[in-house]
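Working notes, structure below.
Rule-based calculations on the coordinates, nothing more; no lab input. As the structure is a computational prediction, the values presented were derived from the model and not from experiment. In this analysis, Cβ positions are derived from the backbone assuming ideal geometry, glycine residues included, and neighbour counts consider all displayed protein chains.
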Amino acid sequence: MDLSNLPRVSLGIFPTPIQRLENISRELGTNVYVKRDDLTGIGLGGNKVRKLEFLLAEAKNQGAEIVFTTGGAQSNHAMLTAASALKLGMKPILILKKRGVTARLGNQLLEHLMGVDVRFVDTDDYADIYAEMDRVGQASGRPYYKIPCGGSNALGSLGYVACAKEIAGQGVHFGYVVCAEGSGGTMAGLALGAKLYLPGTKVYGMMVDTDPFDVITPALMREAAALLGEDLEITPDDYILRDMCGPGYAVSSPEGAAAVSLMAQKEGLFLDPVYTGKAFAGLIAMAKEGAFRPDDNVLFLHSGGAGGLFAVDMD
Ligand SMILES: *Cc1c(COP(=O)(O)O)cnc(C)c1O
């Protein structure tokens, strides 16, 4: 099955631009580019839109009237799922973990503006959340579709296989692509997509949470490859991981905060402290370690995060 034959709805504006960061390139002594997936064209943009084009196509094809998803209180993914489901005429219900800033700030404010049904469950276990989705879905008597945390299953990951294919057509060869890894689908998709469409490109996942990504990443890559009917051997060279989590998921780190400031001050772009700031801090650390030569081209995926920026949870 070719990528272009898989069911997909149109939600975003693609291709997203690639820009060279002139000031940061000078500062870091290599050619740093940014893939503007903060401009994917619905909500406030962000990486989840690419995944949702595949996931919500499946929901539609199954006749779903209700779409459930989950995450923390400030989940960018949950907000973008709600915006996208509404646009496609389905009712979003967000069953969120009661963790982080639950006040009407950031993504909670945006969900309020969209009139979304948001419910909190006081748990640290996603199994409780998925059980609650089934309870609410069955009680509604209407067909429903469940999207996992971050949209990170094999189908969602295909959004980033498609992104790698898109990058291949944008005219610059990149030795390195760097992204944040929070639930895994973005990194898995890019790493698989690079294997298929970007020969000679190494993909780095900057881990911003403490899940076992060394297991999650190759597993998602294999499942996504199977959906495409590709029989590929996935080896640890195909996905390079680096721990940038610092004090914890969604807790700001000094390096991450410095990276957010650098990008804002040098390029007028806003990263977020939960994902993209920590990921860009990883790219800066690699540059300082001498990982890049002056003539290398390094692509940073700006995966969004604007919604949560106004509800930063610093404790
Ligand atoms: C969800 C998210 C990520 C991480 O992507 P995963 O596919 O969950 O690993 C990165 N950046 C932002 C802004 C996000 O919302």
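Beyond 18 Å, what percent of the Cα pairs of the range 194-239 remain? Counting pairs separated by more than 18 Å, the tail of P(r) holds 31 percent. In terms of overall dimensions, the C-alpha atoms belonging to the range 96-159 reach 32, 30, 25 Å along their principal axes, ordered largest to smallest.
The DSSP beta bridges internal to the chain are antiparallel in roughly 10% of cases. The charge dipole of the range 180-254, taken about the Cα centre with unit charges on the Cβ atoms of Lys, Arg (+1) and Asp, Glu (-1), comes to about 220 debye, rounded to the nearest 20. For the range 124-187, what is the relative contact order in percent, using Cα pairs closer than 8 Å and at least 6 residues apart in sequence? Computed value for the range 124-187: 35 percent relative contact order. Across the range 130-289, C-alpha contacts under 8 Å between residues 6 or more apart give a mean separation that, scaled by the residue count, equals a relative contact order of 21 percent.
Evaluating kT/(6 pi eta Rh) at 37 °C and 0.692 mPa s, with the Kirkwood radius of the range 1-47 over Cα pairs in the Stokes-Einstein relation, gives 256 µm² s⁻¹.
The Cα-based radius of gyration and maximum Cα-Cα distance (Dmax) for the range 171-285 are 14.7, 45 Å.
Using the Cβ-Cβ distance between Ala219 and Asn23 with R0 set to 30 Å, the FRET efficiency works out to roughly 0.15. Dividing the alpha-carbon radius of gyration of the range 221-315 by the rule-of-thumb value 2.2 N^0.38 Å gives 1.29.
Any chance you could tell me what percent of the C-alpha pair distances in the chain go past 32 Å? That fraction is 22 percent. Shown for Tyr33, Tyr126, Tyr275: other C-beta atoms within 10 Å of each C-beta, ranked fewest to most, produce the order Tyr126, Tyr33, Tyr275. A Gaussian network model of the chain, with springs between Cα atoms under 10 Å, assigns the largest mean-square fluctuation among Val136, Val178, Val298 to Val136. For the range 161-212 and the range 1-80, what is the separation of their Cα centres, given in Å? Here the two parts' Cα centres lie 13 Å apart. Within the straight-line cut-off of under 21 Å between alpha carbons, the lysines reachable from Lys278 are Lys35, Lys48, Lys202, Lys266, Lys288, sequence neighbours fewer than 8 places apart in one chain being disregarded. Please compute the contact order of the range 217-273 in relative form: average sequence separation of alpha-carbon pairs under 8 Å and at least six residues apart, divided by the residue count, as a percent. In percent, rounded to a whole number, it is 22. Multiplying each eigenvalue of the alpha-carbon gyration tensor of the range 260-315 by 5 and taking the square root yields semi-axes of 24, 12, 10 Å, largest first, rounded to whole angstroms. For the chain, a Gaussian network of Cα nodes joined below 10 Å ranks Thr276, Thr40, Thr210 by mean-square fluctuation, and the top entry is Thr210. As a rough footprinting exposure proxy, the listed residues Val49, Val101 were ranked by other beta carbons within 10 Å of their own, and the order from fewest upward is Val101, Val49.
Here r is the Cβ-Cβ distance between Arg135 and Asn61 and R0 is 22 Å; the resulting FRET efficiency, rounded to 0.05, is 0.35. Where in the range 50-70 does the label zone of Glu230 land, with the point 7 angstrom along Cα→C-beta and an amide N cut-off under 17 Å? Answer for this model: 51, 54.
Neighbour counts of C-beta atoms inside 10 Å place Thr201, Thr235 in the sequence Thr235, Thr201, starting with the fewest. Restricting the count to DSSP beta bridges whose residues both fall in the range 1-155, what percent are antiparallel, rounded to a multiple of 5? Roughly 20 percent of the DSSP beta bridges within the range 1-155 come out antiparallel.
Considering only Ala191, Ala281, Ala264, the mean-square fluctuation computed in a Gaussian network model of the chain, springs between alpha carbons under 10 angstrom, is largest for Ala264. Within the range 129-235, the ratio Rg/Rh, alpha carbon atoms throughout and Rh by Kirkwood, equals 1.07.
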